[in-house]
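The values are calculated or read from the model by the stated rules, or taken from the named source; none is laboratory data. It should be emphasised that the depicted structure is a prediction, and the values quoted were computed from it without experimental measurement. Backbone-built Cβ (ideal geometry, glycine too); neighbour counts: all protein chains shown.
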Amino acid sequence: GRWDAEAQEIGPGQQPEIYLNPKNHLFVAWCGADNRLTVWNPDWPAEQIAFPGCVNRPAIAQDEQNRLRLVWYADEVANRDGRVLPNRLIYESVRQNSAWSEAAIITQTQQIAQPTLAAGANGLLYLAWADGNLYYTSHQDYTCNGVELSRAGQTVYDVVRQGKFHPAANPIPFCKNRYEGLLYAPNPNPGFSAQSPTPDGPFDHFAELAKTARYEVLFATMWYHKDQDMDSPGSLLAQSIADLYRQLKEDPARYPRGITVRILVGNPPEFVVSQFKSQFWNVMQDLKDAGVPEMRNPNIGWRVEVANYDGAWPHSHTKLMAVDGKTAQVVGFNMSYDHMPKGSAAGKGGGRVDLGSQVTGPAAQAVVTVFDDLWNGANSVYCSNFRPDASAFWMLSCRVEEGIATHVPEVLKYYLPGDDDKVFSLYRNASYKESDEAFAQALASAQKTIDTTQVNFTLDLICDLNVLFDVCTFEDSPAYMSAMMKAIEENGVKVRVLIEGSPIEGVENGVAIKAFENALRQKGLEDHLEIRYFDGATHTKAALIDDELLIVGSQNFHYSAWGKSGLTEYNLAWDNPQAVGDFKRMYEYYWDRAVPAE
């Protein structure tokens with residue numbers, strides 16, 4: 001047969017691309033006369049994507065969720081401050097809820113590129129383009145359907161999947177991650193780890209990760225101690241941020257959106273008579289000393305923001321870093337000389353033990369979400385006169401602004417590293433108790449063993465009076481202790497607790513130990529609990545359940561971090577044999593050297 005005698009005009013432009021989806025619906029995409037990307041379907045008016053403009057033929061296909069995806073080459077980019085700059089980039093936009101998403105960069109090219117897109121089976125999209133040589137990549141919608149979990153891991157999933165914590169439509173990004181290892185403070189010990197120690201311990205990992213940023217660095221800590229000789233943990237981080245600034249300044253095209261750095265301190269109570277909290281100024285001074293000459297430069301998209309958490313009673317106890325929504329570190333230690341290796345920083349390193357972990361993959365998006373919750377409403381300060389040659393009164397150029405979490409679209413996409421490691425994000429604050437509930441239920445679900453190492457192991461606050469006269473019993477225990485009792489009573493679980501024995505923590509810990517042991521003795525179960533004091537100084541907060549689920553982060557076994565208390569806390573829960581093995585070797589090493597509690 002012949003073509004229709006009268007062709008239908010659908011709009012001005014050139015280089016059309018036609019796509020017919022599996023339901024035989026027709027779509028046409030082209031570069032309009034005004035270089036705007038245009039999409040047409042017989043059932044709705046032509047739609048345009050205003051920016052960035054197109055140069056040649058776009059590509060169009062439909063993903064597993066029946067969403068249209070457009071891919072095209074453009075020779076321009078808007079940085080985070082809205083400045084339009086020349087570049088060579090391939091973008092994508094997704095149509096959902098009858099609107100096209102903000103264009104996100106897929107890749108940077110060396111010359112004009114022509115992308116080609118095709119849809120395959122199982123939701124896969126295939127993209128190829130020419131850029132001197134031919135390049136190819138693929139995309140698959142993120143899902144954890146059918147992923148098997150350990151019994152303890154399933155317990156955690158059942159908690160976090162509840163609608164009160166996450167809307168049913170939102171995926172829980174626990175699967176297809178990469179376990180990058182535990183982060184040991186002050187350093188890994190050859191007695192339990194094959195990791196190589198570094199001069200400044202885990203703070204070297206902070207600094208190295210920050211240097212990899214292409215879009216943003218998000219960092220949160222509770223304490224940020226004052227630098228003495230440009231050798232503190234904060235100074236190391238500031239130097240890596242200064243390196244980022246220099247790299248952006250020298251080659252802005254490498255960072256198409258510019259770079260945003262956000263540093264949040266936890267605003268714990270400080271007795272300081274000043275306009276802002278003292279440790280906040282520690283951050284600012286470290287950045288200046290490292291050579292960061294300005295907090296904002298819209299021409300290159302540079303922005304460094306420093307803020308205090310909005311609240312001191314309660315404050316933020318969370319410690320994390322997220323880079324580009326791709327890789328994240330969640331730890332228990334502060335930015336303090338105390339956690340540096342002994343002998344480092346000209347002898348100022350305290351050697352105190354602590355722990356964290358690093359993940360690359362979809363779970364990093366959960367870390368970004370947690371940071372945003374901490375950042376929104378924080379007291380951010382911008383200083384217009386940040387130059388190294390500024391007078392001693394540079395602080396007078398500073399003004400307070402409200403922290404508002406914004407991101408370029410590239411960092412809000414799930415990055416799939418090609419691994420299958422499973423990890424859960426567990427967060428809590430004054431009104432959101434996800435970590436409390438998931439942690440407690442995981443402990444209560446234990447069938448064989450619980451091994452935990454903690455700086456604190458306490459009853460409720462009022463129970464500290466037990467050192468003078470009895471006002472509390474085990475009935476006044478927080479959820480974590482009740483959960484361990486349940487596991488012992490119902491499943492005969494063996495519990496080992498490795499705790500700090502210093503005078504400050506030791507008093508509160510001693511009250512709780514006595515109450516726990518008395519309660520078990522009354523039930524004839526005292527042989528199910530063994531407690532030892534750590535040999536040295538520890539600040540670790542971790543628990544291993546049935547040798548299959550490791551929970552590690554900032555949440556102490558302390559009344560301030562559970563229940564009605566509003567401290568913000570954050571953990572990662574690893575359902576991963578390698579993470580479990582790494583922790584178990586460390587735990588046995590320290591357990592063998594610990595002193596039995598009596």
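For region 369-384, which residues satisfy the criterion of being buried (at least 21 other Cβ atoms within 10 Å of the Cβ), touching a Gly at 6+ places or on another chain (Cβ under 9 Å) and within 16 Å of R428 (Cα to Cα)?
L374, W375 - these are the residues of region 369-384 that are buried (at least 21 other Cβ atoms within 10 Å of the Cβ), touching a Gly at 6+ places or on another chain (Cβ under 9 Å) and within 16 Å of R428 (Cα to Cα).
Please indicate, with yes or no, whether at least one residue in region 363-374 is in a loop (DSSP other than H, G, I, E, B) and either within 25 Å of K211 (Cα to Cα) or not assigned by TED's automatic domain parsing to the domain that holds Y224 (or both). Break it down into steps so the answer makes sense when it comes.
At the first step, the residues of region 363-374 found to be in a loop (DSSP other than H, G, I, E, B) are none.
The answer is no, given that none of the residues of region 363-374 is in a loop (DSSP other than H, G, I, E, B) and either within 25 Å of K211 (Cα to Cα) or not assigned by TED's automatic domain parsing to the domain that holds Y224 (or both).
Residues that are more than 31 Å from the chain's Cα centre (by Cα): list the strands (runs of 3 or more DSSP E) wholly contained in region 482-598 that include at least 3 such residues. I'd like the intermediate steps shown before the answer.
Numbers: elements: 494-499, 529-533, 541-545, 549-553, 569-575.
Filter on region 482-598 gives 529-533.
Among the residues of region 203-238 satisfying the criterion of being more than 21 Å from the chain's Cα centre (by Cα) and of a type in the set (S, T, N, Q), which is surrounded by the fewest Cβ atoms within 10 Å (Cβ to Cβ)?
The qualifying residue surrounded by the fewest Cβ atoms within 10 Å (Cβ to Cβ) is Q228.
Filter region 74-108 down to the residues that are without any contact (Cβ under 8 Å) to a residue 60 or more places away in the chain and assigned to a loop (DSSP other than H, G, I, E, B) and list them by number.
Matches in region 74-108: N97, S98.
From (1) of a type outside the set (G, A, S); (2) without any contact (Cβ under 8 Å) to a residue 60 or more places away in the chain; (3) in contact with a Leu (Cβ under 8 Å, 6 or more places away or on another chain), pick out the condition that doesn't hold for P190.
Checking P190 against (1) of a type outside the set (G, A, S); (2) without any contact (Cβ under 8 Å) to a residue 60 or more places away in the chain; (3) in contact with a Leu (Cβ under 8 Å, 6 or more places away or on another chain), the one that fails is (3).
Just a yes or no: is a residue in region 185-196 hydrophobic (A, V, I, L, M, F, W, C), crowded, with 19+ Cβ neighbours inside 10 Å and more than 21 Å from the chain's Cα centre (by Cα)? I'd like the intermediate steps shown before the answer.
So the first thing to find is which residues in region 185-196 are hydrophobic (A, V, I, L, M, F, W, C), and the list is 185, 192, 194.
Imposing the further condition that a residue be crowded, with 19+ Cβ neighbours inside 10 Å reduces the set to 185.
Now drop any that are not more than 21 Å from the chain's Cα centre (by Cα), which leaves none.
Taking every residue of region 185-196 in turn, none turns out to be hydrophobic (A, V, I, L, M, F, W, C), crowded, with 19+ Cβ neighbours inside 10 Å and more than 21 Å from the chain's Cα centre (by Cα).
Pull out all pairs, ordered by first then second residue, where Cβ-Cβ is under 6 Å, the residues are six or more apart or on different chains, the first lies in region 324-351 and is under 15 Å from W223 (Cβ atoms), and the second is polar (S, T, N, Q) and assigned to a loop (DSSP other than H, G, I, E, B).
Pairs found: G332/S554.
Within region 26-47, take every residue that is of a type in the set (F, W, Y) and touching a Gly at 6+ places or on another chain (Cβ under 7 Å) and give me the one that is nearest to R67 (Cα to Cα). Don't jump to the end; show me each part of the working.
To start, the set of residues in region 26-47 that are of a type in the set (F, W, Y) comprises 27, 30, 40, 44.
Cutting the leftovers down to touching a Gly at 6+ places or on another chain (Cβ under 7 Å) gives us 30, 40.
On the way: W30: 18, W40: 15 Å.
In this case the residue turns out to be W40.
Taking region 110-157 as the search range and keeping residues that are part of a helix (DSSP H, G or I), touching a residue at least 12 places away in the same chain (Cβ under 8 Å) and not aromatic (F, W, Y), which one is surrounded by the fewest Cβ atoms within 10 Å (Cβ to Cβ)? Walk me through how you get there before you give the answer.
Quick first cut of region 110-157, residues part of a helix (DSSP H, G or I) only: 121-123, 151-157.
Applying the additional criterion that residues be touching a residue at least 12 places away in the same chain (Cβ under 8 Å) yields 122-123, 151-153, 155-157.
Then keep just the ones that are not aromatic (F, W, Y); that gives 122-123, 151-153, 155-156.
On the way: N122: 7, G123: 15, R151: 15, A152: 24, G153: 23, T155: 20, V156: 29.
The selected residue is N122.
Taking the residues in region 497-544 that are in contact (Cβ under 8 Å) with a residue 24 or more places away in the chain and of a type in the set (V, I, T) as candidates, determine which candidate is farthest from K448 (Cα to Cα).
Selected residue: V507.
Can you pull out the residues in region 350-362 that are assigned to a loop (DSSP other than H, G, I, E, B) and surrounded by fewer than 23 Cβ atoms within 10 Å (Cβ to Cβ)?
Within region 350-362, the first condition is being assigned to a loop (DSSP other than H, G, I, E, B), and the residues that meet it are 350-352, 361-362.
Hits for region 350-362 are G350, G351, R352.
Could you list, in sequence order, the residues of region 89-133 that are hydroxyl-bearing (S, T, Y), more than 16 Å from Q62 (Cβ to Cβ) and under 27 Å from the mean Cα position of the chain (by Cα)? Explain how you work it out, then say what you get.
First, the residues of region 89-133 that are hydroxyl-bearing (S, T, Y): 91, 93, 98, 101, 107, 109, 116, 126.
Narrowing further to those that are more than 16 Å from Q62 (Cβ to Cβ): 91, 107, 109.
Once the filter is applied, which keeps residues that are hydroxyl-bearing (S, T, Y), more than 16 Å from Q62 (Cβ to Cβ) and under 27 Å from the mean Cα position of the chain (by Cα), region 89-133 yields Y91, T107.
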